[in-house]
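Here's the structure we're looking at; comments come further down.
The values are calculated or read from the model by the stated rules, or taken from the named source; none is laboratory data. Since this is a predicted model, take the numbers as computed values, not measurements. Cβ: placed from backbone, ideal geometry, glycine included. Neighbour counts: every protein chain shown.
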Amino acid sequence: MFLKDLLFPKFCLGCGYLGTYICPKCFQKLKPYNQERCFYCKKSSPLGLTHPGCLKKLNIDGLTAIYYYNGFLKKIIKNIKYRLATEIWSDFIRGIKQDSLEKIMRLKTIAKDYIIEPIPLTKARMAERGFNQSILIAKFLNKFLGLETSDFLIRVKDKYPQAQLGSKLTRYQNVRGIFALRPNADVKNKKILLVDDVVTTGSTVREATRVLKRMGAVKVCILALAHG
C-alpha cells in the first residue's frame, strides 16, 4: 500500500490535500439532508413519507436522503462514476459521521419488512464501469438496516443526461421505458426500498416505482445518498 501511495498519491477533491480523496475539513462541506417533507406537496412529513392525500396508485410512498446534493458531493459522485475510482467511495464512507446516519437508524424501525433494491445500470454501462455505484451505496446502508436485498429490476436502455433537458415533462419522457422487471421476478405484495446515488427531479426513481407497482409491489420508498 505504501508503494502504491507513492506511485499513485491521493489528493483531496476539494482542496488538493495530500493523502486522501476527501479530507476532514472538506468533508464538512457535505450537509446532512434534514428536510422531512412529502415528495409531492413538499409539506412536512416524518422521514419524507408521502401524505395519504398525495398518494396515488403508482406514486412513491416516501423519499429521503443522507446529504443535500451540493457542488462538492456532485464532484465526488462524478469522480466515482466516471474515473471508476471506487477508492474514493472507501474514503467517503470512512468520513461519514454517526449523526449523518441517525436517519438510517430511524428508518430501520419502519422499514424492517422492506427489500433493498439498488437502481440498476444497463449491461453496457456495467461492463464499462465494472461496478454500480447504487449497489455500493446499498451495501453500505444495509450494514445498518439489515434488510433482504434483491435485483428485481433490469435497465433496458440508458437515458439522455437529464441536465441537458429542459422541462420536467421532457425529463419524465426521457426515462419512460428504461426499466423492466427481470424474468421470473415476483414483486407482488412486496415492499421495496429503492436506493440511488442522486435524486434531483425524481424522474428516474418515479419510473422505477411505476414499473414495480404495476407488477404488484404494494409500497416503494426511495433512499438516496443525495437529494436536491
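For first residues located in segment 112-139 and in contact (Cβ under 8 Å) with a residue 60 or more places away in the chain, partners that are part of a loop (DSSP other than H, G, I, E, B) and among the basic types (Lys, Arg) and lie 6+ apart or on another chain with Cβ distances below 8 Å form the pairs ILE115/LYS190. In this structure, does LYS157 turn out to be in a loop (DSSP other than H, G, I, E, B) and at pLDDT 95 or above? Considered against the rule, which asks whether it is in a loop (DSSP other than H, G, I, E, B) and at pLDDT 95 or above, LYS157 comes out as no. The set of residues from segment 48-71 being within 18 Å of the chain's Cα centre (by Cα), over 13 Å from PRO32 (Cα atoms) and of a type outside the set (S, T, N, Q) comprises GLY48, LEU49, ILE60, ASP61, GLY62, LEU63, GLY71.
Regarding segment 40-58, can at least one residue be identified that is of a type in the set (S, T, N, Q) and assigned to a helix (DSSP H, G or I)? Looking for residues that are of a type in the set (S, T, N, Q) and assigned to a helix (DSSP H, G or I), one finds none in segment 40-58, hence no.
The C-beta contact set for segment 213-228 (first residue crowded, with 16+ Cβ neighbours inside 10 Å, second residue assigned to a strand (DSSP E or B) and of a type in the set (Phe, Trp, Tyr), distance under 9 angstrom, 6+ apart or interchain) comprises ALA224/TYR67; LEU225/TYR67; ALA226/TYR67; ALA226/TYR68; HIS227/TYR67; HIS227/TYR68; GLY228/TYR67; GLY228/TYR68. Would you call LEU63 of a type in the set (A, V, I, L, M, F, W, C), crowded, with 20+ Cβ neighbours inside 10 Å and in a strand (DSSP E or B)? When the stated conditions are applied, LEU63 passes them. Residues that are of a type in the set (Gly, Ala, Ser) and under 27 Å from ARG94 (Cβ atoms) within segment 21-54 comprise just one, GLY48. Any residue that is modelled with pLDDT under 95 and within 30 Å of GLN98 (Cα to Cα) - is there at least one of those in segment 209-228? Yes; the residues of segment 209-228 include at least one that is modelled with pLDDT under 95 and within 30 Å of GLN98 (Cα to Cα).
Total residues in segment 183-212 satisfying the condition of being surrounded by 19 or more Cβ atoms within 10 Å (Cβ to Cβ), over 19 Å from the mean Cα position of the chain (by Cα) and not β-branched (Val, Ile, Thr): the figure is 1. Taking ASN79, is it surrounded by fewer than 20 Cβ atoms within 10 Å (Cβ to Cβ), in contact (Cβ under 8 Å) with a residue 60 or more places away in the chain, out of contact with any Gly (no Cβ under 6 Å at 6 or more places or on another chain) and in a helix (DSSP H, G or I)? When the stated conditions are applied, ASN79 passes them. Name the residue, out of LYS112, LYS143, LYS108, that is touching a Gly at 6+ places or on another chain (Cβ under 9 Å), surrounded by fewer than 17 Cβ atoms within 10 Å (Cβ to Cβ), assigned to a helix (DSSP H, G or I) and not hydrophobic (A, V, I, L, M, F, W, C). Only one candidate passes the filter, namely LYS108.
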